[in-house]
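Engineer: Could you have a look at this structure, given as structure tokens, before my questions?
Nothing in this text is a laboratory measurement; each read-out follows from the coordinates by a stated rule. Bear in mind the structure is a predicted one, so any value in this text is a computation, not a measurement. Note that we place each Cβ from the backbone using ideal geometry, even for glycine, and neighbour counts take in every protein chain shown.
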Amino acid sequence: MPILWSRIRADRLRACSPYNPRRWPVADPIPVVIWYFTDSKPGHESQIHGLLQALAKRLPVQGYPLPVSHVRHPFLSWMLGRARWATHLPDPDFIVGAGHATHVPMLAAQRARGGRTIVLMKPSLPLRLFDLAVVPSHDKVTPAANVFVSQGVLNPMQAALKKDPDLGVILLGGPSSHYRWDSDVVVKQIRLIAERENSRNWLVTTSRRTPDGASGRLQALGSSNLRFVPFAQTKPGWVGRQLALASTAWITEDSVSMIYEALTAGASCGVIHVPRLGRSRVSRGIDRLIRQGLLTSFREWKDNGAMKAAIPQFNEAERCAAYIDKRWLHQSP
């Protein structure tokens, strides 16, 4: 394999040492050193993994994980300009973090050892403290020279070289601060999808947030072309592998991260309606994707039976990596 990644565990993103001999001559093997701070939350680690994976496609990268739980007294380290918890590491070219708990350790590391800071969110500290903030468009950040506006959060999804035209995936979220979950409403939509698209094999799976009642209703559907796999029965990476192969995906609209993963995987994407708790930045973001032609609403599909085509070039991690590469690593003379 041209790019070698160590095994990614659910509880921690391990160090990576990719090197692509086809991209880089033997005379220039010096990797870019990246320290990345993790808070052990899978969503944040997925964002970091997505960016490092995309950078590793462009240049040799040496990544070093720094769990924030190992950083003692981060404010004191910031004030004193020291990073005793990283004395064994080479000086960083970049310091990456996702999650509010990573902000102060990132700044402490920069003050002690240098490097450019890249925060993968709208930070809780002033933006001017970071060299780059990668902020989803729904967070409505003020444009600035150190802000990269992304379509959703970064993720490591990759489309398979060959899609299975007969495979469809249905992903369910659950109640949230923006949506009121209604299992009856959701299951009725899934039933209609399976009935109308009866030539396709559908994989349906839940998430940690999905209420137990929804699982019971799905198991009772009994459609011959619908296979239900509860979240508890899936292994890490299973959903990603199915999305990579599937030609079509339906996701409940509360599950924004899964929607962007499906788009990145190159699937034609529809959103299953979930009752909204008023207008919010999340629902406005979903409506914007529908207007842009990236998503098909269930109502639209129900009326005309058509899905919007997949967007094969949609990969925000790679777009961000290209921006970083051009800005700091391969500037024109």
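Engineer: Run the quick spin-label model on Asp212 and Leu76: label points 7 Å from Cα toward the beta carbon, then report their separation in nm to one decimal.
Structural biologist: Rounded to a tenth, the inter-label distance reads 4.6 nm.
Engineer: Next question. Run the numbers for Arg327 and Ser40: contour at 0.36 nm per residue of separation, minus the present Cα-Cα distance, in nm.
Structural biologist: Length gained, Arg327 through Ser40: 100.4 nm.
Engineer: Could I have the simple spin-label model distance between Leu221 and Arg241, label points 7 Å from Cα toward Cβ, reported in nm to one decimal?
Structural biologist: 2.2
Engineer: Taking Cα extents along the principal axes in Å straight from the coordinates, which label in [x] 60, 53, 37; [y] 55, 45, 38; [z] 61, 43, 37 is the correct one?
Structural biologist: [z]
Engineer: Given the -39500 (n - 2.57) contribution per DSSP H run of 4+ residues, what per-residue ellipticity at 222 nm results for the chain, rounded to the nearest 500 deg cm²/dmol?
Structural biologist: Result for the chain, helices only: -8500 deg cm²/dmol.
Engineer: For Lys302, list the aspartates and glutamates whose Cα falls under 14 Å from its own Cα; do not include residues on the same chain fewer than 8 positions away.
Structural biologist: Glu195, Glu197
Engineer: To continue, here is another question. Looking at the chain, send over the antiparallel percent of its DSSP beta bridges, to the nearest 5.
Structural biologist: Antiparallel: roughly 5 percent of the beta bridges in the chain.
Engineer: Kindly identify the range 164-304 as rounded, prolate or oblate by the Cα gyration tensor criterion: order the square roots of the eigenvalues as a ≥ b ≥ c, call it rounded if a/c is under 1.5, otherwise compare a/b with b/c, prolate if a/b is larger, else oblate.
Structural biologist: Rounded shape, in that the Cα axes give a/c under 1.5.
Engineer: Modelling each spin label as a point 7 Å along the Cα-to-Cβ direction, I'd like the Leu89/Ala309 distance in nm, to one decimal.
Structural biologist: Distance between label points: 4.4 nm.
Engineer: What's the extension gain from Arg276 to Glu195 if we count 0.36 nm per residue and subtract their Cα-Cα distance?
Structural biologist: Extra length from Arg276 to Glu195 when fully extended: 26.6 nm.
Engineer: Next question, about the same structure. Can you order the peptides 258-269, 196-207 by their average number of other Cβ atoms within 10 Å per residue, highest first?
Structural biologist: 258-269, 196-207
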